[in-house]
Amino acid sequence: MKNKKIVVCTLGAALAGLALSSPVQAGRIDARQEHQRARIGSGVCSGALTRTEATRLTRRQRDLARDERLMRLDGLSLAERRVIERRQDRLSREISRQKHDAQRRPF
């Protein structure tokens, strides 16, 4: 069972790396979202994130991506881009806090 988790985590990390390999094409915002998804995934694999923490962070990431898609429908203005980047900054800080707090997921 433990070997299966290691294989799944390694595969997930490799796929996240492939997704991040072309940030020029995906754009700065999209590349950053992929990087944050990978950070959440690595936190789950390492046990640094509990299930509740990971669920909350994933939900916030999904909400941010949805809002970005809605903003892109009529083109992103500079103000909208700043709003998205500010939200990404807050989410990034929260990922870091949750990964480095005292809560650990038991294996």
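No value in this document is a laboratory result; all are computed from the given coordinates. Predicted model, so just to flag it, every value in this text is computed and none were measured. Ideal geometry is used to build each Cβ from the backbone, glycine not excepted, and the neighbour counts take in all protein chains shown.
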TODO: With a Förster radius of 30 Å, plug the Cβ-Cβ distance of ARG69 and ARG93 into 1/(1 + (r/R0)^6) and report the FRET value to the nearest 0.05.
DONE: 0.85
- [ ] Please report the orientation-averaged projected area of the range 46-107, defined via the convex hull of its C-alpha atoms, in nm².
- [x] 4.4
Open item on the list: Residue by residue through the range 84-92, what is 3J(HN,Hα) from phi via Karplus (6.51 cos²θ - 1.76 cosθ + 1.60, θ = phi - 60°)? Round to whole Hz and write x for glycine and proline.
Closed with: 4, 5, 5, 5, 5, 4, 4, 5, 4
Open item on the list: Applying a 10 Å radius around every beta-carbon, put 30-40, 74-84, 91-101 in order of their mean neighbour count, most first.
Closed with: 30-40, 91-101, 74-84
